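Trainee: First the structure, which I've put down as structure tokens, then a few questions once you've had a look.
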Ligand code: SF4
């Protein structure tokens, strides 16, 4: 079973669309559904805040404090698949930056539930 970290879009979560990171990302991880490669332990859940500068430092701090390096990082579906998308970066660019800084594989999306 893989250890994964999830990063959600704080702007989307704050808009009251029913996703404070409450169940969809976590259910899909527990069942190995959606974009998860297998049943996964969610060992960290970050909320991005515009304009996104804190994401990579927060991943680093989480790894340092928890002493666990995630096997995979998922950009949540609200971050990777929503329309209109993030005005500050693309999921592809953010994923590339995270991988370059941490060496951790990044997957775009978490689930396909509605
Ligand atoms: S920077 Fe983009 S991904 Fe991050 S909270 Fe703002 S809109 Fe969402």
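Only the coordinates and a few stated rules stand behind these numbers; no lab work does. Everything numeric in this text was worked out from a predicted model, so none of it was measured. Using ideal geometry, Cβ is built from the backbone for each residue, glycine included, and neighbour counts are taken over all protein chains shown.
Trainee: On a full-extension model of 0.36 nm per residue, what is the gain between residue 61 and residue 1, subtracting their alpha-carbon distance, rounded to one decimal in nm? Provide the component values of the computation, followed by the final result.
Mentor: Details: separation 60, 0.36 × 60 = 21.60 nm, distance 2.31 nm.
Computed gain between residue 61 and residue 1 is 19.3 nm.
Trainee: Here's something else I'd like to know. Go ahead and collect, in residue order, the members of region 90-114 whose backbone nitrogen is under 12 Å from a label point 7 Å along the Cα-Cβ direction of residue 31.
Mentor: Counting backbone N atoms under 12 Å from the label point, the list is 111-114.
Trainee: Same structure again: Which residue, 37, 67, 49, tops the fluctuation ranking in a GNM of the chain built on C-alpha contacts under 10 Å?
Mentor: Of the options given, 67 has the highest mean-square fluctuation.
Trainee: Running Debye on the chain with equal point scatterers at the Cα sites and no solvent, what base-10 log of I(q)/I(0) appears at q = 0.16 Å⁻¹?
Mentor: One equal scatterer on each Cα of the chain leads to -0.66.
Trainee: A further question on this structure: Note down the nm distance, to one decimal, between modelled labels 7 Å out along Cα→Cβ at residue 41 and at residue 83.
Mentor: Inter-label distance under the simple model: 3.8 nm.
Trainee: To continue, here is another question. With the contact rule set at Cα under 8 Å and sequence spacing of 6 or more, what percent relative contact order holds for the chain? Write down the numbers at each step before the final one.
Mentor: Numbers: 198 pairs, mean separation 39.0, N = 114.
Reported as a whole number, the value is 34 percent.
Trainee: Enter the Cα centre distance for the pair region 29-51 and region 69-114, rounded to the nearest angstrom.
Mentor: Region 29-51 and region 69-114 have Cα centres spaced 10 Å from each other.
Trainee: What FRET efficiency would be calculated for the residue pair residue 14, residue 114, taking the C-beta separation as r and a Förster radius of 22 Å, to the nearest 0.05? Provide the component values of the computation, followed by the final result.
Mentor: On the way: r = 20 Å, r/R0 = 0.91.
Efficiency for this residue pair is about 0.65.
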